[in-house]
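Worksheet: one structure, shown below.
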Amino acid sequence: MSLDPSFVGRTYPPTAPYQVGREKIREFATAIGATDAAHHDPVAAQALGHPDVVAPPTFPVIVTMAASRQIIEDPALGVDYSRLVHGDQRFAYTRPVVAGDELVCTNTIEDVSNRGGHGFLTTRTDVSTVAGEPVVAVWARYVIRGEG
């Protein structure tokens, strides 16, 4: 089944808020080997002007990958998750993610194409605080492998 290109431009409802915890940031930083003190120590982060520990730049994948389920599980789009490969990811920050943030994600499908028996899907997830302050935009590119 090929992906439906009429989905380009479709925006999904905002997700439920995600509370960014200090320990979640520390755990993520440890898992990826991010040793900068600002990821672990509130005093070090505050010395840099942040209200609490600062998340590593790739931390938003925690909330955006969960939010992408809105798109991937939309039966009308035609994504076969068993054939999905994550092809690319990029981030455009307005400001860093810090402990204490309550983040919501709004997903938009930016591109859908079918070539060589494979589907290609580009999404943009706008991550903002519950108050509406923009934090980061995250683009993801997925390839849905064909059956041949």
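Mind checking which residues of the range 26-64 are touching a residue at least 40 places away in the same chain (Cβ under 8 Å) and either surrounded by 13 or more Cβ atoms within 10 Å (Cβ to Cβ) or charged (D, E, K, R) (or both)? Step through it out loud before you land on a result.
Here is the first cut: in the range 26-64, the ones touching a residue at least 40 places away in the same chain (Cβ under 8 Å) are 42, 45, 50-55, 60-64.
Result: 42, 45, 50, 52, 53, 54, 55, 60, 61, 62, 63, 64.
Report yes if residue 140 is at pLDDT 95 or above, loosely packed, with under 13 Cβ neighbours inside 10 Å and of a type in the set (A, V, I, L, M, F, W, C), otherwise no.
Working: at pLDDT 95 or above: yes; loosely packed, with under 13 Cβ neighbours inside 10 Å: no; of a type in the set (A, V, I, L, M, F, W, C): yes.
In short, no.
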Residue 115 vs. criteria among the basic types (Lys, Arg) and out of contact with any Lys or Arg (no Cβ under 9 Å at 6 or more places or on another chain): yes
Just for strands (runs of 3 or more DSSP E) wholly inside the range 41-148: which have at least 3 residues that are closer than 22 Å to residue 12 by Cβ and aliphatic (A, V, I, L, M)? 84-93, 102-115, 134-144
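The values are calculated or read from the model by the stated rules, or taken from the named source; none is laboratory data. Source: prediction; values computed, not measured. As a convention, Cβ positions derive from the backbone with ideal geometry for all residues, glycine included, and neighbour counts pool all protein chains shown.
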